[in-house]
Amino acid sequence: MKLRTAVFALVALPMAALSHHGWSEYDSDKLLKLTGTIAESGYEHPHGYVKLVTPDKTWQAVLAPPSRMEARGLPKEAVKVGATVTVEGYANRNKPNEMRAERIIAGGKTVELR
């Protein structure tokens, strides 16, 4: 039993560390509100994402985990390629094309992600 627990800890701990990250790398002093067309989307763990083409540049917006998005009323179909959405969030301090989305407006509905 102890060996099984030790093996589980050795496998699970690194996976948890990789899937969880802090939000300090995002500039929460400056809220961005971007409207664009989804060029790519992922509705997957640990976080969903959309590649949002705006008039100025293309952004990678990190969304919430799929279970949270579903629970808050944002189904996978709402973030399909070709959809026009507005994403509000914070830019990554080190990755100029990445942002952490706080909320998304899709199909006329605002969904809080955090």
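Condition check for residue 28 on (1) in contact with a Phe, Trp or Tyr (Cβ under 6 Å, 6 or more places away or on another chain); (2) assigned to a helix (DSSP H, G or I): one failure, at (2). Exactly one residue out of 89, 42 is at pLDDT 95 or above and closer than 14 Å to residue 23 by Cα: that is 89.
Restricting attention to region 84-104, the residues that are surrounded by fewer than 16 Cβ atoms within 10 Å (Cβ to Cβ) and hydrophobic (A, V, I, L, M, F, W, C) total 0.
Here is a yes/no grid of residues against (1) of a type in the set (Val, Ile, Thr); (2) in a strand (DSSP E or B); (3) on the phi > 0 side of the Ramachandran plot:
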site	(1), (2), (3)
73	no, no, yes
85	yes, yes, no
88	no, yes, no
91	no, yes, no
94	no, no, no
101	no, yes, no
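Taking residues in region 27-55 that are farther than 14 Å from residue 104 by Cα and in contact (Cβ under 8 Å) with a residue 12 or more places away in the chain, and partners anywhere that are among the basic types (Lys, Arg) and part of a strand (DSSP E or B), the pairs with Cβ atoms closer than 7 Å and at least 6 places apart or on different chains are 39/51; 40/51.
The values are calculated or read from the model by the stated rules, or taken from the named source; none is laboratory data. All values derive from a computational prediction rather than experimental measurement. Heads up, the Cβs are rebuilt from the backbone with ideal geometry, glycines too, and the neighbour counts pull from every protein chain shown.
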